[in-house]
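K.L.:
If you scroll down you'll find the structure; I have some questions about it.
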Amino acid sequence: MSFFKKLGETAMNTASTIGSKSANLVETGKLKLAKNQLEGKIDDKKLEIGDLVYAAYKAGSEPDNGLLQNKFNEIEELESQIRDIEAQLEQPKENVAATADMPDLPQELPAEPSAAKFCSNCGNALDGSVKFCPNCGKPTA
């Protein structure tokens, strides 16, 4: 395979991998945002519980157990939703290629051919001594 074809394929694979990782980062961000919003709702419910208890204290009575139990149930439901989100965050992302699976980019460019000659059919760089293109097989001029 010619250097330019390999470089092109490597660039395409890299772009695809970056796109997949970007999509996964966006999805992870959305999940984390949803988790933070649920945690905020839990904090609000706890404040509501505190307000109910304090209002009952100020009135010299016991807080309404039915109202408190409803708030506790709402908190438990929110905590369940948070656990579901945390489980999703812990799952490995299937569509992201591992970095180890990515083709390696060439560490350095190949040495320039002795004569700047290219195949008229496929554009492959040719060594000045070849009679046929090693990539496509077309005779050289």
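K.L.:
For the pair Asp44 and Asn121, how long in nm is the line joining their label points, each one 7 Å along Cα→Cβ?
P.N.:
7.0 nm
K.L.:
In cubic angstrom, how much convex hull volume per residue do the alpha carbon atoms of the stretch 36-92 span?
P.N.:
Cα-based convex hull of the stretch 36-92, divided per residue, equals 52 Å³.
K.L.:
Give me, ordered by chain and number, the residues 5 or more places off Lys117 or on other chains with an amide H under 5 Å from its own placed amide H.
P.N.:
Amide H neighbours of Lys117: Leu126.
K.L.:
Through the Karplus equation 6.51 cos²θ - 1.76 cosθ + 1.60, θ set to phi - 60°, convert the phi angles of the stretch 48-59 into ³J(HN,Hα) values in whole Hz; use x for Gly and Pro.
P.N.:
4, 4, x, 5, 4, 5, 5, 4, 5, 4, 4, 7
K.L.:
Please work out how much length the chain gains when fully extended from Glu86 to Thr140, using 0.36 nm per residue of separation minus the C-alpha to C-alpha distance, in nm with one decimal.
P.N.:
Additional length available on full extension: 13.3 nm.
Read the figures in this text as sums done on the coordinates, not as results from a lab. Please read these numbers as outputs of a predicted model, since none were measured by experiment. Cβ: placed from backbone, ideal geometry, glycine included. Neighbour counts: every protein chain shown.
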